[in-house]
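**Q** Once you've had a glance at the structure underneath, I'll fire off some questions.
The values are calculated or read from the model by the stated rules, or taken from the named source; none is laboratory data. This is a predicted model, so every value here is computed, not measured. All Cβ positions, even for glycine, are placed from backbone atoms using ideal geometry, and neighbour counts span all protein chains on display. Quick note on the areas: whole protein, heavy atoms, side chains included, nothing else; ligands and nucleic acids left out. Shrake-Rupley method; radii C 1.70, N 1.55, O 1.52, S 1.80 Å.
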Amino acid sequence: MPRDHAHDAGGDPEVLAAKAELREEAWQAVVDAEAARFPGAFHRIPNFVGAEAAAEALRGTAAWADAVTVKSNPDSPQWPVRQRALEDGKTVFMAVPRLAEEHPFVALRPDAIPVTPRKASSIKGSSVHGIPVAVEALEPVDLVITGCVAVDEAGGRLGKGGGFADLEFAIAQEAGMITDDTIVATTVHDCQVLDVGRIPVTDHDAPLDLIVTPTRVIEVTGRRPRPAGIRWDELTDDKIAAIPLLQRLAARKD
C-alpha cells in the first residue's frame, strides 16, 4: 500500500479529510483521462501526458521570459520545466525530496553542469550535479514552480498531502528566497483544474499566480495573501523530526 503522505500533516481534521477526498478524485480524473504516466497517478504529484507541452506553454509566458532564477519542486511532471530553464540559461534551485538533507536545496547553474540539461534536471541528476546550498546562502528567485495534484483558477492548490510544498515555501520565504514579487506557477493536466471554491484553503496554503496546462495559460487575478513563514503550531513532532533543517531551526527558536 503506498505511503499516506498526510499521516504526519497538522491542521484541522475536517479540512484534511476534505482535501484527501479531493485528491482521490483528482488522481482518478487523471487515470480516467488516460493521462497518467509511469509510475501512476495516485499518491504522488501525477506525471501526466502533455507535461512537455505545458512546459513549452510556460516557456512562452512573460513570467518565464523575465525570470533569471527559478525554484522548482523535484517531481517528474515538472522535469520538462527544469530542463527548459537550464536550456534557457536560468539557474534552478531544486528542493531535495521530502527536505530530507541537512541542506534541503541544491543549485543547478547552466554554466557549471557537465551533462545535458535533461540529465542534470532529473532527480538523480540533480543529486549528482546540483550544489547543496545552505539556507542562509539562498538567493532571491524570480519564479517558483510547484507541483500540484489539483488546482483551481482562483489560485488554490492541492499537494499530495505531506505539506512539503508549503514548508518549502515557508522556509524559502524566511530565507528571503521568495518575496511578494516572486511569481508562483504550476504545470498540470487540464483535468486537474477544478471549479473555483472546491479546494479548501487554509492560512498556510501558498496561492498560485500562474497555472499552465497543455492547452491553457491561466493568470490568477486577485491573489489572496501569502502565508508568512513557518507556522510552528501546525507542525507535528514527527514532521520536525523528519527534516534536519526544521530540527535546527526549532532548537534555535527554543
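**Q** May I ask you to list the residues in the stretch 36-71 that are buried (at least 21 other Cβ atoms within 10 Å of the Cβ), under 24 Å from D209 (Cβ atoms) and among the hydrophobic types (A, V, I, L, M, F, W, C)?
**A** Answer for the stretch 36-71, where residues must be buried (at least 21 other Cβ atoms within 10 Å of the Cβ), under 24 Å from D209 (Cβ atoms) and among the hydrophobic types (A, V, I, L, M, F, W, C): I45, F48, A51, A54, A55, L58, W64, A67, V70.
Every residue, every condition in (1) surrounded by fewer than 21 Cβ atoms within 10 Å (Cβ to Cβ); (2) acidic (D, E), yes or no:
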site	(1), (2)
V135	yes, no
D152	no, yes
G162	yes, no
E174	yes, yes
M177	no, no
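**Q** Pick out the one residue from P77, P39, P97 that is closer than 25 Å to Q173 by Cβ and modelled with pLDDT under 95.
**A** On the way: P77 fails: modelled with pLDDT under 95; P39 fails: closer than 25 Å to Q173 by Cβ.
From the options P77, P39, P97, the qualifying one is P97.
**Q** Okay, next question. Restricting to the stretch 225-252, and then to whatever is small (G, A, S) and under 14 Å from F164 (Cα atoms), can you tell me which residue is modelled with the lowest pLDDT?
**A** Among them, the one singled out is G229.
**Q** Among the residues of the stretch 120-152, which ones are in contact (Cβ under 8 Å) with a residue 60 or more places away in the chain and under 17 Å from the mean Cα position of the chain (by Cα)?
**A** P140, V141, D142, L143, V144, I145, T146, G147, C148, V149, A150, V151
**Q** A further question follows. Determine if the stretch 230-249 includes at least one residue that is open to solvent by 80 Å² or more (accessible area, probe 1.4 Å) and closer than 22 Å to P132 by Cα.
**A** The answer is yes; a qualifying residue exists.
**Q** For a quick check of your reading of the model, give me the residue pairs whose first member lies in the stretch 18-32 and is farther than 12 Å from L158 by Cα and open to solvent by 20 Å² or more (accessible area, probe 1.4 Å), whose second is at pLDDT 95 or above and in a helix (DSSP H, G or I), with beta-carbon atoms closer than 8 Å and at least 6 apart or on different chains.
**A** Hits for this filter: A29/C191; A29/Q192; D32/C191.
**Q** Moving on. If R118 satisfies all but one of (1) under 30 Å from E21 (Cβ atoms); (2) surrounded by fewer than 20 Cβ atoms within 10 Å (Cβ to Cβ); (3) in contact with a helix residue (DSSP H, G or I) (Cβ under 8 Å, 6 or more places away or on another chain); (4) charged (D, E, K, R), what's the number of the condition it fails?
**A** (1)
One line per residue, one yes/no per condition, for (1) farther than 27 Å from F105 by Cβ; (2) in contact with a helix residue (DSSP H, G or I) (Cβ under 6 Å, 6 or more places away or on another chain):
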| site | (1), (2) |
| --- | --- |
| L167 | no, no |
| G197 | yes, no |
| P200 | yes, yes |
| D203 | no, no |
| A228 | no, no |
| E234 | no, no |
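**Q** I'd like the full set of residues that are surrounded by 17 or more Cβ atoms within 10 Å (Cβ to Cβ) and acidic (D, E), limited to the stretch 187-218.
**A** D205, D209
**Q** Here's something else I'd like to know. Which is without any contact (Cβ under 8 Å) to a residue 60 or more places away in the chain, surrounded by fewer than 23 Cβ atoms within 10 Å (Cβ to Cβ) and not small (G, A, S), of D166, D181?
**A** On inspection, the qualifying residue turns out to be D181.
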